[in-house]
Amino acid sequence: MVLVEAGMLVFPAPEGIDISTEAGLKTAMNMMSFEHFIFPFLAHALGTLFGAWFAIRFIKTKHISAAYSIGMLFLLGGIMMVVSVGGPIWFIMMDLTLAYLPMAWLGYRIGKM
């Protein structure tokens with residue numbers, strides 16, 4: 001959430017739109033440009049990466065299962081976000097395909113070093 005909030009400071013929401021509610025966020029989606037989606041993507045990807053890394057650092061066995069479990073939980077959250085709020089199709093595809101399971105795998109690889 002810190003990254004998303006930082007993103008709103010760097011790239012403010014469109015004028016006159018309240019993004020603190022789900023309805024306001026749905027309305028603002030059509031008015032947002034590419035830069036508004038950078039920080040949410042980073043938050044999803046880095047959250048998954050560090051979550052997977054953290055999980056395998058403290059689990060003694062089945063590291064890959066732990067990493068992918070974190071990735072799947074985050075992916076489910078991402079799917080819930082898409083269903084409830086929506087967004088541009090390019091962001092949905094990029095977010096769901098690159099921010100979760102690949103980042104869980106990368107967290108696993110980094111954690112095994």
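A few remarks follow.
- Exposure proxy order (Cβ contacts within 10 Å, fewest to most) of PHE54, PHE34, PHE74, PHE39: PHE34, PHE54, PHE39, PHE74
- Candidates ALA45, MET94, TYR68 compared by Cα position along the dipole of the chain: farthest toward the positive end lies TYR68, with charges placed on Cβ.
- Per residue, the convex hull spanned by the Cα atoms of the chain amounts to 96 cubic angstrom.
- The chain: most fluctuating residue of LEU101, LEU49, LEU76 per GNM, C-alpha cutoff 10 Å: LEU76
- Cα centre as origin, Lys/Arg/Asp/Glu Cβ charges: the chain dipole, Debye: 840 debye
- In loop segments of the stretch 1-73 as defined by DSSP, the trypsin sites (Lys or Arg not before Pro) with at most 16 further C-beta atoms inside 10 Å of their C-beta are LYS60, LYS62.
- When the helices of the chain are scored as -39500 (n - 2.57) per DSSP H run of n ≥ 4 and the total is divided over every residue, the value at 222 nm lands at -23500 deg cm²/dmol.
- Partner lysines for LYS112 [C-alpha distance under 17 Å; skip if fewer than 8 residues away on the same chain]: LYS60, LYS62
- Restriction of the GluC sites (Glu not before Pro) in the stretch 3-78 to DSSP coil positions whose beta-carbon has at most 10 other beta-carbons within 10 angstrom yields GLU15.
Taken together, the values in this text are just the output of simple stated rules run on the coordinates, not laboratory data. Only a predicted model underlies this, so the values are computations on that prediction, with no experimental measurement involved. Ideal geometry is used to build each Cβ from the backbone, glycine not excepted, and the neighbour counts take in all protein chains shown.
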